[in-house]
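This report concerns only the one structure given below.
The values are calculated or read from the model by the stated rules, or taken from the named source; none is laboratory data. Since this is a predicted model, take the numbers as computed values, not measurements. In this analysis, Cβ positions are derived from the backbone assuming ideal geometry, glycine residues included, and neighbour counts consider all displayed protein chains. Note: areas computed on protein heavy atoms with side chains; ligands, DNA, RNA excluded. Shrake-Rupley method; radii C 1.70, N 1.55, O 1.52, S 1.80 Å.
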Amino acid sequence: MSKIQNATGPLIAPYRRPQPGSQPELLHEPYRSTIRRAPSKPPILLPHTLSEVTGPLHGHEEIGETDNDLTRQHAGEPLGERVILSGRVLDGDGHPVPHTLIEIWQANAAGRYFHQRDQHPAPLDPNFSGAGRTLSDANGGYRFVTVKPGAYPWRNHYNAWRPAHIHISLFGPAFATRLVTQMYFPGDPLLALDPIFQSIRDERARERLISRLDMETAQPEWALAYRFDIVLRGRDATPLEA
Amino acid sequence: MDLIPTPSQTVGPYFHLGLTGGRSVARVAGEATKGERIALTFRVLDGDGAPINDAMIEIWQANAAGKYRHPDDPQTAPIEDDFWGFGRLATAEDGRCQFETIKPGRVPDSRGVLQAPHINVTVFARGLLRHLCTRVYFADDPANRQDPVLALVSEERRATLLLHPDPGRAGHWLFDVHLQGERETVFFDV
């Protein structure tokens, strides 16, 4: 571990692999779309090179003033329960991941996406598009204001309903740290029935996807708050010997 | 400390709202970027060979000098102002999307062995609980024979990682991502 790389190659400190069971299996038959889409052959382990430990970085110029406030993107206010969503982006060692792009999208309070392909007969809200983006700050912190999304039906099986969730996309510092996930709300009885949430075997890992009520951030007479910390992959401190 | 990373979940069918649409990046290289201009058309297919119209492809690549625009790339070759190396597109009804970029240079691996020109690819879709990672290489490039990553792949599956020239159009390259089946693309555990 502590030996210095031979002199001919760049120093590569690899990112650590997630613990077994802490990520969803690709084939999870209760989620029917995986059956014809999950690769059937095992992936080939790729030792990290510069290609994997570098990755796209983004700047403040890409962020608009109301991009992190989904309640202020239209002339009027969206219907629904206003919520503040905040947290920190951390690496596997608990250190902040600063200045990384965080993108979110979600259904409106009635459980309908502002998307042509969403045909659920629940109302659209002319004041809610359901998309936002921000950069984490120097301490890894981020904050969005939005409305709590509704549950919605999705035809995976008879009477299938997705628990309320917000989709979250992060880049982190490297190609190897890319993450797209979904954040859920505490105490939702639909979580126990949801094949997407249940695709993760390790219960502690599943729990990472559930935000917690955050009364410290909640604003009296204005909005409840939920806290959601996001942990990206950790990295070995020292370059491995090739 | 080794905290459990936040698990992945599928992008679902409505990712266009947050990730593409106005957030797409089809042109990876600017006017002044050095290098051989190329167009890459990806097509994403499911286990029945049917095109997937709700997938998203991201690409990440070095510039023509083999340098990534990233602080962890210690190579001395310069970065370029109008080249970031990142692209992102949703697939259309026919399962296709097309990027305009430049052919990347060779990037050394950790032992200093030069890798063949390649582009790092991430595939997202409804039905993929985690994104898939692969690499694409240029079919006619003699450097492929010495590439240390292609060498990890059995000879009969190596062809699934090759971009093929579009016979009618110079500089255009085609790549089918087969999620399953006899021609299943090689995916990497990154």
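Figures for the structure shown
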{"read-out": "Mean-position separation - Cα centroids, region B:140-181 and region A:210-224, in angstrom", "value": "51 Å"}
{"read-out": "Shape of region B:1-110, Cα gyration tensor, a/c cut at 1.5", "value": "oblate"}
{"read-out": "Surface accessible to a 1.4 Å probe, residue A:154 within the full protein complex, Å²", "value": "50 Å²"}
{"read-out": "FRET efficiency, residue A:158 to residue B:77 (Cβ-Cβ, R0 41 Å, nearest 0.05)", "value": "0.10"}
{"read-out": "Contact order relative to length of chain A, as percent, for alpha carbon pairs under 8 angstrom and 6 or more apart", "value": "30 percent"}
{"read-out": "Inter-part distance where region B:65-93 and region A:106-139 are each reduced to a Cα centre, Å", "value": "31 Å"}
{"read-out": "Residue A:122 paired with residue B:1, simple spin-label distance in nm, labels 7 Å along Cα-to-beta-carbon", "value": "3.7 nm"}
{"read-out": "Nonlocal amide H pairs with residue B:173, under 5 Å, H built at 1.01 Å", "value": "B:39, B:40, B:41, B:166"}
{"read-out": "Cut-off 12 Å between beta-carbons: net charge of the residues surrounding residue B:27, Lys and Arg +1, Asp and Glu -1", "value": "-1"}
{"read-out": "Compactness of chain A as Cα Rg over 2.2 N^0.38 Å, two decimals", "value": "1.11"}
{"read-out": "Relative contact order %, chain B, counting alpha carbon pairs below 8 Å whose residues are six or more apart", "value": "27 percent"}
{"read-out": "The protein assembly as shown: C-alpha gyration tensor shape, a/c 1.5 cut-off, then a/b vs b/c", "value": "prolate"}
{"read-out": "C-alpha center-to-center spacing [region B:5-21, region A:13-49] in angstrom", "value": "17 Å"}
{"read-out": "Surface accessible to a 1.4 Å probe, per residue, for the residues of the protein assembly as shown, Å²", "value": "42 Å²"}
{"read-out": "Surrounding net charge for residue A:56, when Lys and Arg each add one and Asp and Glu each subtract one, Cβ distance under 12 Å", "value": "+1"}
{"read-out": "Amide H contacts of residue A:58 (H built 1.01 Å from N, under 5 Å, at least 5 apart or other chain)", "value": "A:101"}
{"read-out": "Members of region B:4-28 that become less accessible by 50 Å² or more once partner protein chains are added (1.4 angstrom probe, chain alone as reference)", "value": "B:4, B:5, B:6, B:7, B:9, B:10, B:14, B:17, B:19, B:23"}
{"read-out": "Apportionment of accessible area to carbon and sulfur, the protein assembly as shown, percent (1.4 Å)", "value": "53 percent"}
{"read-out": "Helix-only [θ]222 nm of chain A, DSSP H runs n ≥ 4, -39500 (n - 2.57) each, per residue, nearest 500", "value": "-500 deg cm²/dmol"}
{"read-out": "Charge tally in the Cβ shell below 13 Å around residue A:226, where Lys, Arg are +1 and Asp, Glu are -1, residue A:226 excluded", "value": "0"}
{"read-out": "3J(HN,Hα) from dihedral phi, region A:102-114, Karplus parametrisation 6.51/-1.76/1.60, rounded to Hz, x for glycine, proline", "value": "10, 10, 10, 8, 6, 6, 7, 5, 8, x, 10, 8, 7"}
{"read-out": "Chains B and A together, accessible area buried on both sides, 1.4 angstrom probe, square angstrom", "value": "7100 Å²"}
{"read-out": "Chain B: C-alpha gyration tensor shape, a/c 1.5 cut-off, then a/b vs b/c", "value": "rounded"}
{"read-out": "For region B:113-120, 3J(HN,Hα) per residue [Karplus equation, 6.51 cos²θ - 1.76 cosθ + 1.60, θ = phi - 60°, Hz, x = Gly/Pro]", "value": "6, 6, 7, 5, x, 8, 10, 7"}
{"read-out": "Accessible area (Å², 1.4 Å probe, nearest 10) - residue B:153", "value": "0 Å²"}
